[in-house]
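Data first, discussion second: the structure below is written as C-alpha cells.
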Amino acid sequence: MRLATRIALWVALVVPLLVFAAGALLLGLVNHDLRAEQDTKLRERAQLVLPNARALLNADHQGRAAAEQNQHRKVLDAALDVGVRVDDANGTEVTAGGPLPTALPAAGGALTPVTVRSDGRSWRVLARPVSGANPGTVWVAAPSSAANPQVDAVRRRIILVAALTAPLAGLLVFGLARRATAPLSRLGRRAAALDPRAGAADFGHQRSGIGEVDELAAALESALARYDEQADRTAQALETARSFSAAASHELRTPLMGLQTNLDVLSAHPDLPATERAEILTDLRADHRRLLDLLTALRTLARGDLVEEEAFGPLDLAEPVSAAVAELRRRRPESAVGVELAVGVELAGGVEPTGELRVFGWEAGLRIACDNLLLNAAVHGRAPIVVTLRREGGQAVLTVDDDGPGIPVAERAAVFDRFHRRRDSPGTGLGLTLVAQQVALHRGTVTVGTPPSGRGCRFEIRLPLVAPDAPTLPLPARRDWIGGAQQP
C-alpha cells in the first residue's frame, strides 16, 4: 500500500473519531446550558407565583371561596409552561396545575433545582417556602426531557458531519499526500533506474525542499559512494592478486628451475663425490632462501597496496627507526651502525629517542621501510652505517649513509624499480621498491645521493610532521606497486 493511501485511510478513520469526541464534549456543554436555562426559568416562575400563592393560602385559611378561586386562577396563569403546586403548612395540596411528577422530594432538599425520576420520566423540581401568617410551600416543576429535542438535533448534526467529513477528509488528504510524496516517488524511480556501473556519480539528486526526502537522498548518495569505494577496493584487491600471481610466476621460474635441476642431478647421481654434493646442497639452500625472500617481499608489497587509511595514526618516527637499528645489530653484529636522533648526537650503544618527531603514519609500513633501507646499506655498502633522524621545518628527515661503492647518478632513479638489482646482489630486487612504496603512502619523498664525505651512498627520506591545524591528506587512490605501475 502506498504511503499516500495509508495517510488517507488513517485520516478517514481518525477524523470521525475526533468529530465524535468533539461532539460528545459539545453535547455535554449543550445539556449543561439547557439545564441551566431551565433552572433559571423555574426560579423565575417560582418568584412570580410566590405572591399569589401567599394570597391563596390566606384566602383558604379564612374560608373565602370567591377570593380563593380568584387567587387559584392567578397562580395557574402565572405558571404558564411549568407545573405549579401549592401546599399548606401541613403539606396538604391547596391547588395544582400543569405537568407535575407524582412523587415530590422533601421541601428542604429542593430549595435549589433537583432532578427527580417519576412516572418513567426525569423532572427538574424547585421548592420555595411561603412565609407569612399562613405559611406553605410552592412547587414548580418541568420535565427534563423538554430539552431533548434540541439535544437530539445537535446529535444528528454531529453524526451527519462525521459521516461527511470521513470520505471528504480522506480524499482531500490523499490528494495532498500524493503531492507531498511526489518527490519521494521521483527519488524511488531515479534510484530504480540507476546504472550500477555508474554509481554515485550518475545519481544526481536535486534538492526538493522536503527535509525527509533530501535526507534520504543524501543517505542514498552516501551508500552509493561507500559502495563505489568498496567496489574500487575489491577491484584493486583483484588486480593486486593478479599482479602477485604474475610477478610470482615470472620471478619464481628461475629459482624453481634451478631447484629442479639440482634435485635431478642428486637423483640421477646418488654416488656423487661429497664435495660436489655439498656444493649442490649449498645451491639448493640459496635457491630456497631466495624463494622465501621473494615470496615474503611480494606479500609485503601487496600488503602495502591494500592497506586502509584506518591503519594510519600519529606516531613518533624515532620508534620504528630505533627498532630497525636494533634488529640490524642483532642480525648483523658485524655492521657498525651509528644513530643520531633529532638533536644530532650519535649514540654508540643502544638507541634511545631524544626527541619526538610525530608523523601521520602506519607503524608496520614505516618499520618495513626502515628495515629494508638499513638492510640495503648493510648488504651493498660498507661499515660504518650512520643513521640520522632530525627535524627540518615541518618535515622529519631520515638519512642512512654507508661507506660503500655508491650508486652512479644515471642509475639512481632505477634502484626503486621492481626486481632491479645488481648482478652480484643476493637480494630479491624488491627491498628499495618497498621503501619507495611506503614513503609514497606516507606522503613523503625518498632520494639517493652521496654523503658529505664524498664516498658511499646516502638515502634520504622526508616525511611531513603532524600539524594540528593542517588537514590530513588522503592516501593515493590507486596503488599498484606490485604490478610495477607506480613510481617513487
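Quick look at the numbers
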read-out	value
Glu310 vs. criteria within 30 Å of Glu229 (Cβ to Cβ) and at pLDDT 75 or above	yes
Among residues of segment 2-58, those that are surrounded by 13 or more Cβ atoms within 10 Å (Cβ to Cβ) and hydroxyl-bearing (Ser, Thr, Tyr), counted	1
Of all residues making up segment 385-399, the number that are out of contact with any Gly (no Cβ under 8 Å at 6 or more places or on another chain) and of a type in the set (A, V, I, L, M)	4
Matching residues in segment 106-145 - criterion: being loosely packed, with under 15 Cβ neighbours inside 10 Å and assigned to a loop (DSSP other than H, G, I, E, B)	Ala106, Leu111, Thr112, Asp119, Gly120, Ser131, Gly132, Ala133, Pro135
Some residue of segment 265-286 being charged (D, E, K, R) and either part of a loop (DSSP other than H, G, I, E, B) or at pLDDT below 75 (or both)	yes
Test: residue in segment 34-54 that is acidic (Asp, Glu) and farther than 15 Å from Val151 by Cβ	yes
Pairs with Cβ under 8 Å, 6+ apart, first in segment 321-336 and more than 17 Å from Val386 (Cβ to Cβ), second hydroxyl-bearing (Ser, Thr, Tyr) and assigned to a helix (DSSP H, G or I)	none
Residues satisfying the stated conditions in segment 60-91, i.e. modelled with pLDDT under 70, more than 12 Å from Val140 (Cα to Cα) and of a type in the set (A, V, I, L, M, F, W, C)	Ala65, Ala66, Ala67
Conditions (1) assigned by TED's automatic domain parsing to the domain that holds Gly83; (2) out of contact with any strand residue (DSSP E or B) (no Cβ under 7 Å at 6 or more places or on another chain); (3) among the small types (Gly, Ala, Ser); number of the one not met by Ala169	(1)
Condition check for Val94: at pLDDT below 80, surrounded by 13 or more Cβ atoms within 10 Å (Cβ to Cβ), assigned by TED's automatic domain parsing to the domain that holds Ser131 and over 60 Å from the mean Cα position of the chain (by Cα)	yes
Failed item in (1) farther than 26 Å from Leu465 by Cβ; (2) crowded, with 19+ Cβ neighbours inside 10 Å; (3) of a type in the set (Asp, Glu), with Asp403 passing the rest	(2)
Verdict on Ala192 being farther than 29 Å from Val114 by Cα, at pLDDT below 70 and among the aliphatic types (A, V, I, L, M)	yes
Residue tally, condition closer than 29 Å to Leu430 by Cβ and either of a type in the set (Asp, Glu) or at pLDDT below 65 (or both), over segment 223-235	2
Test: residue in segment 3-24 that is assigned to a helix (DSSP H, G or I), at pLDDT below 80 and under 17 Å from Ser144 (Cα atoms)	no
Residue list for segment 398-420, restricted to those being closer than 19 Å to Ser453 by Cα and either out of contact with any helix residue (DSSP H, G or I) (no Cβ under 7 Å at 6 or more places or on another chain) or not aliphatic (A, V, I, L, M) (or both)	Thr399, Asp401, Asp402, Asp403, Gly404, Pro405, Gly406, Pro408, Val409, Arg412
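The values are calculated or read from the model by the stated rules, or taken from the named source; none is laboratory data. Predicted model only: the values in this text are computed from it and were never measured. Glycine gets a Cβ as well: all are built from the backbone with ideal geometry, and neighbour counts include every protein chain shown.
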